[in-house]
Amino acid sequence: MVKRRWERLFWTGIILILIAGTYGCSDLFSSGVFRERQPEVRPSVTTTYRFEDIPLPSGLNLNRKESFIYETKATKTGLLVYEGKGEMEKLANFFKQQMPNYQWRLVSNFELNNVMLTFIKEGWSSVIYIIPKEDEMKRIEIRVGPIEIKILSSSK
């Protein structure tokens with residue numbers, strides 16, 4: 001009778017160990033100890049393809065493949081390429097009229113078949129190219145970058 005009691009206690013213990021082991025191992029495998037290592041998920045860096053101080057006429061679409069932005073905490077520079085319909089003269093006039101509202105000053109203006117407008121403001125320059133394409137489509141390239149202007153004293 002004592003032997004049978006120990007036998008029953010022994011098998012009950014074995015069953016409890018198996019049950020605890022099954023739940024323990026499933027938790028062990030789900031914790032990743034024996035799983036393949038998953039690649040680290042890093043937060044993606046998002047860049048806005050827009051210069052906040054450069055106005056844009058409506059109806060233009062950003063060409064992301066040809067656009068490039070370099071951005072740090074202190075600076076944001078690059079080339080943005082837009083495409084859309086519009087008349088050369090109206091597009092050029094839009095930038096000439098709107099850029100001063102963002103403290104940009106027009107310093108050069110070349111217009112023949114293409115339009116090249118150069119603007120500056122303290123520490124920055126922006127060159128805007130308006131290029132005709134087929135039909136009424138236009139390509140607008142906006143380049144923005146830092147500049148350092150030193151005014152030379154006049155020699156006497």
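Read the figures in this text as sums done on the coordinates, not as results from a lab. Predicted model only: the values in this text are computed from it and were never measured. Cβ: placed from backbone, ideal geometry, glycine included. Neighbour counts: every protein chain shown.
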Exercise for the section: Working only within the range 114-141, note down all residues that are outside any strand (DSSP E or B) and under 23 Å from Lys65 (Cα atoms). Expected result: Asn114, Lys133, Glu134, Asp135, Glu136
Completion exercise
Per the list (1) within 22 Å of Pro146 (Cβ to Cβ); (2) under 24 Å from the mean Cα position of the chain (by Cα), residue check on Glu83 breaks on (1)
Fill in the blank from the handout: Reported set for the range 99-134 where residues are aliphatic (A, V, I, L, M) and touching a strand residue (DSSP E or B) at 6+ places or on another chain (Cβ under 8 Å) is Met99, Leu106, Val107, Val115, Met116, Leu117, Ile120, Val127, Ile128, Ile130, Ile131
